[in-house]
Amino acid sequence: MRNKRFLATLLLATGGLLVPAHAGVLTYSSSSTWSAGGPVGGTINFSSLSPGNYTSPLTVSPFVFTALIASSIGATNNFGPGTGNFAYTLGSMQLAPTAPGTIYGLGFNLGCYSCSGSSSPSVVVTDANNISYTYTGMLTSGFWGIRSDLALSTVKVSYGTDYVAIDDVIYGGQAQIGGGDPPPTGDTPEAATLILIGTGLGVIARYRRYSGLPSTA
């Protein structure tokens, strides 16, 4: 009877290890509210790029910009998002920090360059735990931003079969995201998982004590 009771308790404790916990994540539709949400490291407005095409991947510190469909990334300054120059490429563009583990917040003005109007934008964010979250249903153009408890590894911006364009890329360090919305897809283990592990080990130790089994300590 004691063994059965122990096994039931152990299943309850260790079963909790399979319940994923969420990192704190907030998304923004305004650059001012994003900036007020935590540290701001700087802004990339592509003013250093002359209009023309650049070989992918393209490094504009502190990010590497990669064209995922085309062979190059273009820079121009007419009818795009934001002000002045902006970067664009066919279909999808990926942003990755040049120094992993340093970027926790990111935002940019998003638009569609030479757009047919048949595509809608999406953003896929991959965090330091290699978990990806997909955001869709965005406006045709405008600001989109994110802040996370975990460092951002990559951010992929897509516009279907049209040209995706971004400008005024703002980025920042870690902030307290307590009470943030859970990511829309995927799960991220965090401190709660460690607590559950400790609970399971405690149950095992208690069982050994009262069952007369030798201790492993």
request  = Would you check if residue 27 is among the β-branched types (Val, Ile, Thr) and surrounded by 20 or more Cβ atoms within 10 Å (Cβ to Cβ)?
outcome  = yes
note = Being hydrophobic (A, V, I, L, M, F, W, C), in the same structural domain as residue 33 (by TED's automatic domain parsing), without any contact (Cβ under 8 Å) to a residue 40 or more places away in the chain and surrounded by 20 or more Cβ atoms within 10 Å (Cβ to Cβ) narrows 128, 87, 75 down to just 75
request  = Under 7 Å between Cβ atoms, at least 6 apart or on separate chains: pull out the pairs that start in region 13-38 with a residue that is outside the structural domain of residue 176 (by TED's automatic domain parsing) and of a type in the set (Ser, Thr, Tyr) and end on any residue that is at pLDDT below 50 and in a helix (DSSP H, G or I).
outcome  = 14/200
key: Residues of region 140-158 classified as within 18 Å of the chain's Cα centre (by Cα) and either farther than 17 Å from residue 25 by Cα or not small (Gly, Ala, Ser) (or both), total   = 12
request  = Being out of contact with any Phe, Trp or Tyr (no Cβ under 7 Å at 6 or more places or on another chain) and of a type in the set (Phe, Trp, Tyr) is the filter; apply it to region 152-172 and report the residue that is surrounded by the most Cβ atoms within 10 Å (Cβ to Cβ).
outcome  = 159
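The values are calculated or read from the model by the stated rules, or taken from the named source; none is laboratory data. Just so it is clear, the model here is predicted, and its values are computed rather than measured. Note that each Cβ is placed from the backbone with ideal geometry, even for glycine, and that neighbours are counted across all protein chains shown.
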